[in-house]
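Q: Here it is, the structure in full.
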Amino acid sequence: MQDRPTIHELLRAVESFLRDDVVPATEGRRQFLARVAANAIGLVERELQGEAEHAAREWAGLDALLGAEPMPGGRDALAAAVRARNEALGARIRAGEYDAEPAALLAHVRATVRDKLLVTNRAYLEADGDLG
């Protein structure tokens with residue numbers, strides 16, 4: 001773990017520089033690309049901030065639907081395990097396992113999509129009044 005500046009401070013500094021200094025000082029394609037870069041930096045920061053909480057929530061939802069499994073440690077191992085479990089969930093959905101009782105599945109999908117939107121596009125949640 002590094003001391004100061006933290007990864008979040010660095011990301012905020014770069015995002016602020018792009019938004020406040022580069023975007024207003026450029027035009028056309030360069031301005032657009034600077035805005036895209038600033039948005040990407042903000043997305044990375046939000047993903048890092050919520051990553052552990054969102055992963056734990058998605059894992060718990062998958063446990064409820066597929067049966068409990070120990071959550072792997074490490075970002076790469078966890079990402080691979082979540083992908084594999086989501087593929088298994090997709091197979092069960094295609095097989096019709098949740099057709100009669102879809103409530104738990106829908107709750108899990110809603111929670112997972114909400115967490116993803118918190119990172120990628122909060123405006124959808126704001127418009128829906130679901131930022132709570």
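The values are calculated or read from the model by the stated rules, or taken from the named source; none is laboratory data. In this text the structure is predicted, and so the values were computed from the model without any measurement. Cβ sites come from the backbone with ideal geometry, for glycine too, and all protein chains shown count toward neighbours.
Q: Scan region 9-38 for residues that are of a type in the set (S, T, N, Q) and not in a helix (DSSP H, G or I) and report the count.
A: Residues of region 9-38 that are of a type in the set (S, T, N, Q), as a first pass: 16, 26, 31.
Checking which are not in a helix (DSSP H, G or I) leaves us with 26.
The qualifying residues number 1.
Q: Can you confirm whether region 61-70 contains a residue that is without any contact (Cβ under 8 Å) to a residue 60 or more places away in the chain and within 18 Å of the chain's Cα centre (by Cα)?
A: Yes: region 61-70 contains one or more residues that are without any contact (Cβ under 8 Å) to a residue 60 or more places away in the chain and within 18 Å of the chain's Cα centre (by Cα).
Q: In region 21-38, what residues are closer than 19 Å to residue 122 by Cβ and surrounded by 15 or more Cβ atoms within 10 Å (Cβ to Cβ)?
A: Residues satisfying the conditions are 35, 37, 38.
Each row is one residue, and each column tells you yes or no for (1) within 25 Å of residue 38 (Cβ to Cβ); (2) of a type outside the set (S, T, N, Q); (3) over 14 Å from the mean Cα position of the chain (by Cα); (4) not in a helix (DSSP H, G or I).
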| site | (1), (2), (3), (4) |
| --- | --- |
| 87 | no, yes, yes, no |
| 91 | no, yes, yes, no |
| 98 | no, yes, yes, yes |
| 108 | no, yes, yes, no |
| 118 | yes, yes, no, no |
| 125 | yes, yes, no, no |
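Q: Return the residue satisfying two criteria in turn: it lies in region 3-20 and is without any contact (Cβ under 8 Å) to a residue 40 or more places away in the chain and β-branched (Val, Ile, Thr), and of such residues it is surrounded by the most Cβ atoms within 10 Å (Cβ to Cβ).
A: Residue satisfying both the conditions and the ranking: 14.
Q: Do any residues in region 38-54 that are within 15 Å of residue 19 (Cα to Cα) and without any contact (Cβ under 8 Å) to a residue 40 or more places away in the chain have Cβ atoms under 7 Å from those of residues that are among the β-branched types (Val, Ile, Thr) and part of a helix (DSSP H, G or I), where the two are at least six apart or on different chains, and which pairs are they?
A: Correct list of pairs: 38/23; 41/14.
Q: Another question about this same structure. Going by the conditions given, is residue 121 modelled with pLDDT of 95 or more, at negative phi, among the polar types (S, T, N, Q) and out of contact with any Gly (no Cβ under 6 Å at 6 or more places or on another chain)?
A: no
Q: Hey, among the residues in region 54-101 that are closer than 18 Å to residue 115 by Cβ, among the basic types (Lys, Arg) and surrounded by 11 or more Cβ atoms within 10 Å (Cβ to Cβ), which one's modelled with the lowest pLDDT?
A: Filtering first and then ranking leaves 75.
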